[in-house]
1. Scan the stretch 23-39 residue by residue and report those that are among the aromatic types (Phe, Trp, Tyr) and either within 16 Å of Thr49 (Cα to Cα) or part of a loop (DSSP other than H, G, I, E, B) (or both).
2. Consider Val300 carefully, then state whether it is at pLDDT below 90, β-branched (Val, Ile, Thr) and either closer than 23 Å to Glu330 by Cβ or surrounded by 18 or more Cβ atoms within 10 Å (Cβ to Cβ) (or both).
3. Take the conditions assigned by TED's automatic domain parsing to the domain that holds Ser235, surrounded by 15 or more Cβ atoms within 10 Å (Cβ to Cβ), in contact with a Lys or Arg (Cβ under 6 Å, 6 or more places away or on another chain) and part of a helix (DSSP H, G or I) and apply them to Met281. Does it pass?
4. Which numbered condition trips up Leu299, out of (1) farther than 26 Å from Ala349 by Cα; (2) out of contact with any Leu (no Cβ under 9 Å at 6 or more places or on another chain)?
5. So which residues in the stretch 178-197 are farther than 15 Å from Gln9 by Cα and in contact (Cβ under 8 Å) with a residue 40 or more places away in the chain, if there are any at all?
6. Select from the stretch 91-130 the residues that are within 16 Å of the ligand (Cβ to nearest atom) and closer than 25 Å to Ile15 by Cα and list them in ascending order.
7. If I go through the stretch 33-58 residue by residue, how many of them are within 19 Å of Met242 (Cβ to Cβ), crowded, with 22+ Cβ neighbours inside 10 Å and not small (Gly, Ala, Ser)?
Amino acid sequence: MALRDVIGQDRAVTILLKTLERERIPSSYLFTGDSGIGKKFTALNLAKTVNCLTPPSPPLAKGGNKEGYSQKREGYVGILDACDECPSCKKITAGIHPDFLLISPEGGQIRIEEIRAIDNVLALKAFEGRKKVVIVDDAEAMNTFAANAFLKTLEEPPRDSLIILISSSPDLLPDTIRSRCSTIRFAPLSDGACEEVLKKIIARHLPGKEKKSGKPAKPSQGREKYPPEDDLQLSDLVRLSMGRPGNAMTGDMFEERSAFVQLLQEMLRTEKDGWASKEEMERWFEFILIFLRDMAAWLVSGEAAVIINRDLKADIEKLSRETDLQGIIEIHRTLNSLRGNFRFHLNKALTWNYSGSLLRKTFGVHYV
Ligand SMILES: [Zn+2]
């Protein structure tokens with residue numbers, strides 16, 4: 001994979017290509033935007049590009065899959081990308097390049113030990129590459145000690161180093177860190193781009209998949225689950241991922257949705273906290289907001305085509321009979337603002353009770 005394989009993020013990639021072309025790459029970037037839209041994928045391919053030993057030259061742009069790449073970025077003179085085939089590209093893909101480091105939170109935190117590991121990589125002269133590249137995924141997970149130590153690294157970046165912070169909640173990063181990075185914003189993908197990404201992921205996991213039947217091959221890496229088996233599920237996934245195809249493949253969205261419906265029924269019946277974890281609570285909030293959006297769309301139009309959760313149409317119809325549009329809009333607004341406060345570590349049981357009382361009031365008590 002290379003920068004030309006980034007789908008639906010033309011604006012962000014074009015900005016990166018222009019800085020590469022002018023050879024004015026900043027020492028630190030901050031990639032922001034929702035999770036599952038290609039920030040890490042782009043960062044990895046930028047790391048490959050700056051260290052590629054045999055980058056594709058303009059003549060290559062006329063052939064093969066590079067043609068689409070050059071056409072897509074019309075007006076862009078040079079062709080800068082990774083070849084994805086040289087030893088450097090392959091080592092970065094495998095995570096074994098001596099001048100490359102990818103840091104992710106462990107147990108929900110990035111600790112000072114990880115920052116020391118970054119400093120160790122950056123302190124040395126590049127072994128094999130032109131630049132030492134460090135990617136910090138979910139950078140907002142740095143604890144206070146880590147953030148303070150990291151600030152020193154950002155203030156005095158070693159020569160020939162490139163640091164890429166990735167965050168879907170950049171406002172949780174200290175201002176002092178944010179202000180030292182060049183921010184590149186990534187946007188959710190269009191439905192078309194989302195489908196293209198999902199198809200590619202599926203194709204990657206199903207080598208030689210022309211047949212539609214048979215058990216899907218098991219994914220080779222990451223948190224990705226089995227791909228959907230037919231086009232109906234694919235279109236469901238596109239709708240449900242709402243422009244964030246990476247999220248559609250990081251869990252079994254269909255299973256999670258049945259769990260969501262069960263929890264919703266439970267919440268309307270009982271005050272006992274049913275969320276197993278804060279992560280489950282957060283996922284539940286994502287689903288309820290889409291569900292409420294579906295109810296509002298259904299009440300306004302009465303058309304199934306406008307519903308994202310089409311397979312939950314019966315539930316949406318049933319609950320819509322119990323309430324009115326104004327009630328749905330109000331509870332959507334309240335729950336959305338509650339979700340915005342998750343960063344303050346809301347108490348799970350209290351949040352369950354509060355959300356439950358609002359929903360019971362809006363829907364009428366019974367939904368089983
Ligand atoms: Zn290469």
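The values are calculated or read from the model by the stated rules, or taken from the named source; none is laboratory data. Small disclaimer: the values here were computed from a predicted structure and weren't measured. FYI the Cβ positions are ideal-geometry reconstructions off the backbone, even for glycines, and counts take in every protein chain you see.
1. Selection gives Tyr29 alone.
2. It is false that Val300 is at pLDDT below 90, β-branched (Val, Ile, Thr) and either closer than 23 Å to Glu330 by Cβ or surrounded by 18 or more Cβ atoms within 10 Å (Cβ to Cβ) (or both).
3. yes
4. Against the list (1) farther than 26 Å from Ala349 by Cα; (2) out of contact with any Leu (no Cβ under 9 Å at 6 or more places or on another chain), Leu299 comes up short only on (2).
5. Selection gives Arg178, Arg180, Cys181, Ser182.
6. Ile92, Thr93, Asp99, Phe100, Gly129, Arg130 - these are the residues of the stretch 91-130 that are within 16 Å of the ligand (Cβ to nearest atom) and closer than 25 Å to Ile15 by Cα.
7. 2
For (1) at pLDDT 95 or above; (2) within 30 Å of Phe145 (Cα to Cα); (3) away from the ligand (no atom under 16 Å from the Cβ), each residue gets a yes or a no:
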{"residue": "Asn51", "(1), (2), (3)": "no, no, no"}
{"residue": "Pro56", "(1), (2), (3)": "no, no, no"}
{"residue": "Ser70", "(1), (2), (3)": "no, no, yes"}
{"residue": "Gly75", "(1), (2), (3)": "no, no, yes"}
{"residue": "Cys89", "(1), (2), (3)": "yes, no, no"}
